[in-house]
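The values are calculated or read from the model by the stated rules, or taken from the named source; none is laboratory data. Note that the structure is a prediction, hence the values are computed from the model and not measured. Cβ placement follows ideal geometry from the backbone for every residue including glycine, while neighbour counts extend to all protein chains displayed.
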Amino acid sequence: MDTRRAVLDALADGPVSGPALAAELGVSRAAVWKAVERLREEGFAVESTDDGYVAPADPGYGAPGIEFDLDAPYTVEYHDALSSTNTRARALAESGASDVVVVADEQTGGRGRLDRSWVAPSGGVWLSVLTAPAVSAARAPQLTLAAAVAVADACRAVDVDAGIKWPNDVLLAGDGGASNDADAGATSRDHVGRGGRKLAGILTEMEGEADRVAWLVVGIGVNANVNPSELPAGATSLRAVRGDPVDRRAFVCDVLERYAELTTDLEAVLSAWRDRAITLGQRVRVETSTGTVVGEAVDVEPPGALVVETETGTVRVHAGDCTHLRAADRDGRTDR
Ligand code: BT5
């Protein structure tokens, strides 16, 4: 373990003197001092008191601040601004790194799926988890589902009623009801349709042979403390829904801990996903690379295929863009 990390861990247990720490770690006092200075430069304002070094009251939104509280097996790399945390995580993967989380306050070239762009101003939670999971490529979609479950639960833990739209969008649950309910007289509808405005998206990228994933990057973007006016139509943020900002450091730790836990038992992920899904039971339109599927979404099957009952039979969709159709469609009317 490096000295910086060891100092961080020691600070969690209360005040510790430089000489005591040096002796405990078997390094020089200068090495301890340097590590403390590095933590301070990274925004983790270690205090010097008569009793020794003390952790700051506000650990800050940075690598040491997140690592200080994180109970998950990742190291953290933090940037004030990056083009894309996924791109950075891929570069780390190619240099052989693993179990690293890349976090940025702002992304200037955030990426969505299918070469779409992701708007990621300062104040959001933009991160990528790089791991080398011992799974086959075919099972990798379950890790994306796990991330969606982790994000939805972390949103719920800060009192935002979140649900999952297949395969990997986290939406404000119940939010679309009014705007899409013809009885309510509303005519507007956003691009996500029933289920509400989008709080978060997930972009998974990986490399490997069919039988083994070499590396997997799960990119998670959550509109945390962002003004919806800075986001595309149909998006909202945790702060806008709560009326109060979230503690991003605590939120990131919560997402990562939930994700780490869920990925230890992939068999359980699907049922957790089903429990939080907004899509199941809805009438949907799914645009796939081979065409459009319209029908009722009835289930999700391993490793993450959406099962749709169409007029001509049951279709299993493995990838695509899903729109929840408005209730009026059930009567045969179209939504566009
Ligand atoms: C996604 O794509 O939802 C995946 C987004 C993943 C973003 C994270 S942030 C950390 C990591 N680093 C990256 O560079 N990416 C990942 P998709 O389903 O294709 O949705 C993209 C569409 O959502 C866009 O075409 C916009 O319509 C809309 N959109 C863009 N930015 C948004 C935002 N901040 N909130 C809600 N919707 C957004």
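Numbers at a glance
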| read-out | value |
| --- | --- |
| Test set (1) modelled with pLDDT of 95 or more; (2) in a helix (DSSP H, G or I); (3) surrounded by fewer than 21 Cβ atoms within 10 Å (Cβ to Cβ) - Glu205 fails condition number | (2) |
| Of all residues in region 233-249 being outside any loop (DSSP other than H, G, I, E, B) and either under 11 Å from the mean Cα position of the chain (by Cα) or surrounded by 17 or more Cβ atoms within 10 Å (Cβ to Cβ) (or both), the one that is nearest to the ligand (Cβ to nearest atom) | Ala235 |
| Filter pass, Glu261 being away from the ligand (no atom under 16 Å from the Cβ), part of a strand (DSSP E or B) and of a type in the set (Asp, Glu) | no |
| Test: residue in region 144-160 that is modelled with pLDDT under 95 and farther than 20 Å from Glu261 by Cβ | no |
| Condition broken by Tyr74, with the remaining ones in (1) crowded, with 19+ Cβ neighbours inside 10 Å; (2) out of contact with any Leu (no Cβ under 7 Å at 6 or more places or on another chain); (3) under 17 Å from Ala104 (Cβ atoms) satisfied | (2) |
| Tabulated pairs, region 213-232, first part of a helix (DSSP H, G or I), second more than 10 Å from the ligand (Cβ to nearest atom), C-beta under 8 angstrom, 6+ apart or interchain | Pro228/Ala240 |
| Condition check for Tyr61: at pLDDT 95 or above, outside any strand (DSSP E or B) and surrounded by 14 or more Cβ atoms within 10 Å (Cβ to Cβ) | yes |
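Quick grid of which residues meet (1) touching a helix residue (DSSP H, G or I) at 6+ places or on another chain (Cβ under 9 Å); (2) farther than 25 Å from Gly96 by Cα; (3) surrounded by fewer than 18 Cβ atoms within 10 Å (Cβ to Cβ):
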{"residue": "Asp115", "(1), (2), (3)": "no, yes, yes"}
{"residue": "Leu130", "(1), (2), (3)": "yes, no, no"}
{"residue": "Ala134", "(1), (2), (3)": "no, no, yes"}
{"residue": "Ala148", "(1), (2), (3)": "yes, yes, no"}
{"residue": "Cys155", "(1), (2), (3)": "yes, yes, no"}
{"residue": "Ala162", "(1), (2), (3)": "yes, yes, no"}
{"residue": "Asp169", "(1), (2), (3)": "yes, yes, no"}
